[in-house]
1. Based on the Cα atoms of the chain, what semi-axes does the equivalent ellipsoid have, where each is the square root of 5 times one gyration tensor eigenvalue, given in whole Å with the largest first?
2. What number, rounded to the nearest 500 deg cm²/dmol, is the helix-based mean residue ellipticity at 222 nm of the chain, given -39500 (n - 2.57) per DSSP H run of at least four residues and division by all its residues?
3. Step through the table entries Lys71/Lys126; Lys5/Lys129; Lys78/Lys126; Lys2/Lys126; Lys2/Lys129, compare each Cα-Cα distance with 18 Å, and write down the pairs that go over it.
4. Whole number in Å², please: accessible area per residue of segment 20-147, 1.4 Å probe, ligands, DNA and RNA not counted.
5. Between Lys38 and Ile8, how many nm apart are label points set 7 Å from Cα along the C-beta direction?
Amino acid sequence: MKTTKKEILNIILIIASVLLVAGLGSLFVNLGMSWYMKLNTPTQWVPNIVIPIVWTIIYILFAIILCLLYKEVLLDKKAVVLSIINGLLNVLWCLVFFTLNQLLLGNILIVINAFFATYLLIELLKTRKWYVYFLTIYPIWIYIATTLNIALWILN
C-alpha cells in the first residue's frame with residue numbers, strides 16, 4: 001500500500017504530539033528539580049536515573065503504537081481523546097508538582113492521571129490486544145509514581 005501525504009502528515013503530527021508532551025514535561029521537571037532534591041524521600045525509592053529512562057520508553061512506545069493504530073485505521077476518536085487527556089495530565093502534573101511545588105494538588109492530578117491511563121488501556125484492548133501488552137508499563141508507572149507522590153506529601 002502506498003502512503004499518502006495526508007497519512008505522512010498525520011504520523012508526523014502523532015510523533016510531534018508525543019514529543020511535545022515529553023518536552024514540556026521534561027522542561028517543567030527541570031525547572032523544579034532543585035526544589036525536588038531538597039524534599040525528604042522514602043527509604044524505598046526509585047533511583048533517579050531510572051525515572052527518565054522509563055519515561056523515554058513509555059513515550060517511544062506511545063508514538064510507535066499510536067502510529068501503528070493509525071496506519072491500521074484502528075485509532076478511533078475515543079482513543080485519540082484519551083491519549084490527549086493523558087498527555088495533558090502528564091504535562092499538568094509536571095507543572096503543578098515540580099514547577100509550582102504543589103504536593104497535594106500534584107497528588108490529586110496523578111490519581112486522576114492513573115484513572116485515565118487505565119481507561120486508555122481498556123479502550124485500546126478493544127482494537128489490538130497485543131499492543132496493550134507494551135503499554136501496560138504506562139499505568140503501572142503512574143501507579144508507582146502515585147505511591148511515591150503520596151509518600152512525598154506525607155514526609156514533607
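The values are calculated or read from the model by the stated rules, or taken from the named source; none is laboratory data. The structure presented is a predicted model; accordingly, all values stated were derived computationally and were not measured. Cβ: placed from backbone, ideal geometry, glycine included. Neighbour counts: every protein chain shown. For accessibility, only protein heavy atoms count, side chains too; no ligands or nucleic acids. Shrake-Rupley method; radii C 1.70, N 1.55, O 1.52, S 1.80 Å.
1. 31, 16, 13
2. Value at 222 nm, helices only: -26000 deg cm²/dmol.
3. Those over the limit are Lys5/Lys129; Lys2/Lys126; Lys2/Lys129.
4. Heavy-atom SASA per residue in segment 20-147 reads 55 Å².
5. 5.1 nm
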